[in-house]
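Engineer: Dumping the structure here so I can ask a few things about it.
The values are calculated or read from the model by the stated rules, or taken from the named source; none is laboratory data. This is a predicted model, so every value here is computed, not measured. Reconstructed Cβ throughout: ideal geometry from the backbone, glycine too, with neighbour counts over all protein chains shown. When the accessible area is computed, the model is the full protein with side chains, heavy atoms only, and any ligands, DNA or RNA have been set aside. Shrake-Rupley method; radii C 1.70, N 1.55, O 1.52, S 1.80 Å.
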Amino acid sequence: MRYDDSNIFAKILRGEIPSEKVFEDNQVFVFMDIMPRSPGHLLVIPKAKARNILDIRKEELHAVIDSVKKMAELAMQAFNADGITIQQFNEDSGGQEVFHLHFHVIPRYSGERMQSPGQMVKDMSNLKIQADKIRVLLN
């Protein structure tokens with residue numbers, strides 16, 4: 001399978017679609033998920049054109065994983081979470097829906113289930129408030 005430059009995350013990286021950016025460096029982009037399964041749900045993506053974990057270069061993957069770990073630690077702190085779920089899917093049969101490599105970083109709480117997938121956030125300003133909680137810890 002080939003990388004498709006028209007996927008939504010490629011458009012976000014090019015600035016064609018807005019997102020609530022949390023962190024960015026020369027290899028990685030982190031932003032709030034607009035269909036959060038829990039408050040503080042983040043997406044970590046490489047800037048490299050990688051369809052999924054099966055075709056990314058090792059060096060690029062290392063940068064993404066470093067950011068996943070960093071964001072998991074910050075999300076735990078920012079949202080006083082009891083745990084973190086990290087999800088990553090590959091190809092249709094593996095559950096992948098957007099064909100640009102991405103990791104979900106989802107704060108979790110004892111006794112609380114994740115929200116159902118596919119539900120758009122009702123108030124986009126909540127994403128900025130949540131992103132601010134993480135951004136303040138970056139400094």
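Engineer: With respect to M1, is the statement that it is assigned to a loop (DSSP other than H, G, I, E, B), among the aliphatic types (A, V, I, L, M) and open to solvent by 20 Å² or more (accessible area, probe 1.4 Å) true? First the steps, then the outcome.
Structural biologist: Numbers: assigned to a loop (DSSP other than H, G, I, E, B): yes; among the aliphatic types (A, V, I, L, M): yes; open to solvent by 20 Å² or more (accessible area, probe 1.4 Å): yes.
In short, yes.
Engineer: Looking at region 9-24 only, could you name the residues that are open to solvent by 40 Å² or more (accessible area, probe 1.4 Å), farther than 23 Å from I129 by Cβ and touching a residue at least 24 places away in the same chain (Cβ under 8 Å)?
Structural biologist: L13
Engineer: Let me ask you something else. Taking region 92-123 only, how many residues are over 24 Å from K47 (Cα atoms), within 16 Å of the chain's Cα centre (by Cα) and either charged (D, E, K, R) or not in a loop (DSSP other than H, G, I, E, B) (or both)?
Structural biologist: 1
Engineer: Just to be sure, is S67 in contact with a strand residue (DSSP E or B) (Cβ under 8 Å, 6 or more places away or on another chain) and small (G, A, S)? Walk me through it before giving the result.
Structural biologist: Values: in contact with a strand residue (DSSP E or B) (Cβ under 8 Å, 6 or more places away or on another chain): yes; small (G, A, S): yes.
Answer is yes for this residue.
Engineer: For P39, work out the one condition from (1) over 11 Å from the mean Cα position of the chain (by Cα); (2) within 16 Å of L101 (Cα to Cα); (3) touching a residue at least 24 places away in the same chain (Cβ under 8 Å) it doesn't fulfil.
Structural biologist: Tallying (1) over 11 Å from the mean Cα position of the chain (by Cα); (2) within 16 Å of L101 (Cα to Cα); (3) touching a residue at least 24 places away in the same chain (Cβ under 8 Å), P39 fails exactly one: (2).
Engineer: Taking the options V30, V105, name whichever one is open to solvent by less than 70 Å² (accessible area, probe 1.4 Å), modelled with pLDDT of 95 or more and out of contact with any Phe, Trp or Tyr (no Cβ under 9 Å at 6 or more places or on another chain).
Structural biologist: Every option except V105 fails the conditions.
Engineer: Return the residues of region 71-87 that are surrounded by fewer than 17 Cβ atoms within 10 Å (Cβ to Cβ) and not acidic (D, E); say none if nothing qualifies.
Structural biologist: Passing the criteria: Q77, N80, G83, T85, I86, Q87.
Engineer: Out of region 35-52, which residues are touching a strand residue (DSSP E or B) at 6+ places or on another chain (Cβ under 9 Å) and assigned to a loop (DSSP other than H, G, I, E, B)?
Structural biologist: Listed by number, the residues that qualify are P36, R37, S38, P39, G40, H41, K47.
Engineer: Quick one: in region 108-131, of everything that is at pLDDT 95 or above and open to solvent by 90 Å² or more (accessible area, probe 1.4 Å), which residue is nearest to A10 (Cα to Cα)?
Structural biologist: The qualifying residue nearest to A10 (Cα to Cα) is K128.
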